[in-house]
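Enquirer: I am attaching a structure below and will ask some questions about it afterwards.
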Amino acid sequence: MSVGESGGPLDWAAIRLVAFDVDGTLYRQRRLRGRMAVSILAHATANRTLGALRVLRAYRRIREDMAEREVEDFEPALIHATAAATGRPGRDIRAIVREWIEERPLSHLLACRYRGLPDLFDGLKRNGKIIGVLSDYPAAAKLAALGLVADHVLHAGDHGVGVLKPHPRGLQALMAAAGVRPDETVLIGDRANRDGEAARRAGAAALIRSSSPLDGWRTFARYDDPPFAALLQH
């Protein structure tokens with residue numbers, strides 16, 4: 001485990017809210033994207049068009065840029081910018097995103113879920129922790145597909161949030177919904193520059209899933225790693 005500037009091992013006794021990012025944190029994003037690439041290429045071949053693929057590439061690129069610039073009320077602006085970049089009407093952009101980002105991946109998520117998550121969620125509940133989810137994308141259907149249950153679920157497009165991580169507003173809203181303080185909160189994610197920074201700016205702790213140490217951050221590679229040992233003991 002890398003500790004660095006973040007302090008020592010996490011004091012689970014002081015933590016009341018355990019918040020999770022979703023994409024890349026609860027499931028293997030690379031595996032899912034591989035499966036989806038096969039699906040969308042088959043769709044493109046059958047329909048003799050790369051239109052949907054071009055839209056998705058533009059949408060993701062623009063979304064990342066808006067996260068870096070912390071654009072307020074980003075969703076309408078994202079659709080408008082993607083439409084302008086691809087020459088497609090906004091209704092087409094929304095339909096493609098709904099189909100290929102929100103709906104079609106659901107059937108693959110369970111096969112991509114990280115090992116150990118059900119045991120960790122059970123351990124969190126046994127220890128009286130509140131489980132939260134804070135995602136940049138709609139998350140309720142993904143959680144159901146993953147077979148996981150949280151007490152509070154928010155995503156960046158929800159009313160009262162409207163901005164992507166690393167802006168801390170989403171985590172602040174999640175903490176308010178759970179009735180906890182920042183020093184009683186940890187955000188578990190896979191991107192230090194997004195999840196970690198959102199936690200830092202909100203005054204909460206962060207745990208970053210990473211296969212190698214990251215200077216200045218608490219990290220873990222698996223959900224049965226030492227940082228979670230206290231929660232997994234029966």
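The values are calculated or read from the model by the stated rules, or taken from the named source; none is laboratory data. Owing to the predicted nature of the structure, the values given are computational and were not obtained by experimental measurement. All Cβ positions, glycine included, derive from the backbone under ideal geometry; neighbour counts span all protein chains shown.
Enquirer: Within 30 Å of Arg61 (Cβ to Cβ) and either assigned by TED's automatic domain parsing to the domain that holds Arg218 or under 14 Å from the mean Cα position of the chain (by Cα) (or both), is that true of Ala198?
Expert: On the way: within 30 Å of Arg61 (Cβ to Cβ): yes; either assigned by TED's automatic domain parsing to the domain that holds Arg218 or under 14 Å from the mean Cα position of the chain (by Cα) (or both): yes.
When the stated conditions are applied, Ala198 passes them.
Enquirer: Considering only residues of segment 107-117 that are closer than 29 Å to Pro168 by Cβ and out of contact with any strand residue (DSSP E or B) (no Cβ under 8 Å at 6 or more places or on another chain), which is surrounded by the fewest Cβ atoms within 10 Å (Cβ to Cβ)?
Expert: Filtering segment 107-117 for residues closer than 29 Å to Pro168 by Cβ gives 109, 112-114, 116-117.
With the extra rule that they be out of contact with any strand residue (DSSP E or B) (no Cβ under 8 Å at 6 or more places or on another chain), the set shrinks to 116-117.
On the way: Gly116: 15, Leu117: 17.
Once the filter is applied, the top-ranked residue is Gly116.
Enquirer: Does segment 180-217 hold any residues that are modelled with pLDDT under 95 and of a type in the set (D, E, K, R), and which are they?
Expert: Result: Asp215, single match.
Enquirer: For segment 45-79, what are the residues that are farther than 18 Å from Arg91 by Cβ, surrounded by fewer than 19 Cβ atoms within 10 Å (Cβ to Cβ) and in contact with a Gly (Cβ under 8 Å, 6 or more places away or on another chain)?
Expert: Glu72, Asp73
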